[in-house]
Every structure is written in C-alpha cells, then in structure tokens.
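Notes follow once the structure below has been shown.
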Amino acid sequence: MEKLQLTKDPIIKVGMLIRKPVAEVFEAFINPDITTKFWFTKSSGKLEVGRQITWAWEMYNATALVNVKEIEINKRILVEWGDLGAMTKLEWTFTPYENDSTFVNIVNSGFQGDGDSIVAQALDSLGGFTIVLDGAKVWLEHNINPNLIVDKFPKGLTEH
C-alpha cells in the first residue's frame, strides 16, 4: 500500500436538529443531571467558565477531564477535554430553528500523535459525537434513555 500523508489536521463536525427550544437543549449539555441521561454516567459538576470538570463513564471505568473555556448562554460552549497532555478542543453551537427546534453542531479538533493515531482519534470522535447527538435527540424529544453509550461496547462482545 502506498504511504498516505495528511496535509491538514482532521477536524470532525457533526450536527443534529433537536425538536426542542434552544434553552432546553443548551441546558442539557451543561447540566449533568440531564447529560447523564444520554452521554456520560457521572460528572463532578455543571459546566461553568473556568472550571475543571471530570466526566465518567462508569461502565467502562473511563474518565475525561474537561476545562471549560467559554460559554455563551444558549449559543456556544467551548471546552478542552480528554487526558492530560492529549486534550482536544470541543465546541458546541446551538442555532434556533423553526417551530422551537435547535440545530446542535459539534466540532472537535486538535488531535495529537502520529498520523495513524490522529486519524484513529478523529474517526472515533466522529462516531462518538454522532451517538451523543442521537442520544440527546431521543432523550429530549421523547424522554427515553436510549442506552446508546452503554450499548456501543457490550461487555464481552467488543473492545473499546
């Protein structure tokens, strides 16, 4: 196989229309009492500028540090997240749409390592944040915990 070379750093972008008002959707991403219904299982606190939060996925014994950089209420959240020394930039934007709906866009960038590692991280991030938005949509629109995160890697069937 011919060696491939990256000419630009990968940036992942995912989006989803959620049929709820922007204030409700925004709150779902900063308030762990809501976010734990569709994404991580535990958080050390609500997202607030200047805070460092820890998110946990207890079923996988995994955690991520979250440094909250900027918040524009009902418009934008900017954090750095991941493991110390390998944090990436993560940005949500919330755009009001017709009939009290909200378009949520997530951009993740700043992957680190060699080319193979960077591509693997970007692909994992793309799939992961697609699932997060799917879960948020199901929870917020239908009040159903879709169990998408826990079902992504069923114990004994897949590696994560």
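Annotation: of all residues in the stretch 70-93 being closer than 17 Å to Ser44 by Cβ and surrounded by fewer than 16 Cβ atoms within 10 Å (Cβ to Cβ), the one that is farthest from the chain's Cα centre (by Cα) is Leu84. Scanning the stretch 2-40 for residues that are at pLDDT 95 or above and of a type in the set (Ser, Thr, Tyr) turns up Thr35, Thr36.
Any idea which of Ile77, Ile71 is touching a residue at least 24 places away in the same chain (Cβ under 8 Å), over 16 Å from Phe129 (Cα atoms) and touching a strand residue (DSSP E or B) at 6+ places or on another chain (Cβ under 8 Å)?
Details: Ile77 fails: over 16 Å from Phe129 (Cα atoms).
The conditions single out Ile71.
Any idea which residue in the stretch 137-151 is modelled with the highest pLDDT, counting only those that are over 16 Å from Phe29 (Cα atoms) and surrounded by 14 or more Cβ atoms within 10 Å (Cβ to Cβ)? Residue satisfying both the conditions and the ranking: Pro146.
Here is the figure for the stretch 98-123: residues that are closer than 23 Å to Ile18 by Cβ and loosely packed, with under 15 Cβ neighbours inside 10 Å total 3.
Restrict the check to the stretch 52-61 and report whether at least one residue is modelled with pLDDT under 95, more than 15 Å from Phe129 (Cβ to Cβ) and touching a Gly at 6+ places or on another chain (Cβ under 7 Å). Checking the stretch 52-61: not a single residue is modelled with pLDDT under 95, more than 15 Å from Phe129 (Cβ to Cβ) and touching a Gly at 6+ places or on another chain (Cβ under 7 Å). Screening Ser44 against (1) in contact (Cβ under 8 Å) with a residue 12 or more places away in the chain; (2) surrounded by fewer than 16 Cβ atoms within 10 Å (Cβ to Cβ) leaves a single unmet condition, (1). For the stretch 47-65, the candidate set comprises residues that are within 17 Å of Ile77 (Cα to Cα) and hydrophobic (A, V, I, L, M, F, W, C); within that set, the residue that is surrounded by the fewest Cβ atoms within 10 Å (Cβ to Cβ) is Val49. For the stretch 95-106, the count of residues that are modelled with pLDDT under 90, outside any loop (DSSP other than H, G, I, E, B) and of a type in the set (A, V, I, L, M, F, W, C) is zero.
The values are calculated or read from the model by the stated rules, or taken from the named source; none is laboratory data. The structure displayed is predicted, hence computed values, not measured ones. Positions of Cβ are backbone-derived with ideal geometry, glycine not excepted, and every protein chain shown enters the neighbour counts.
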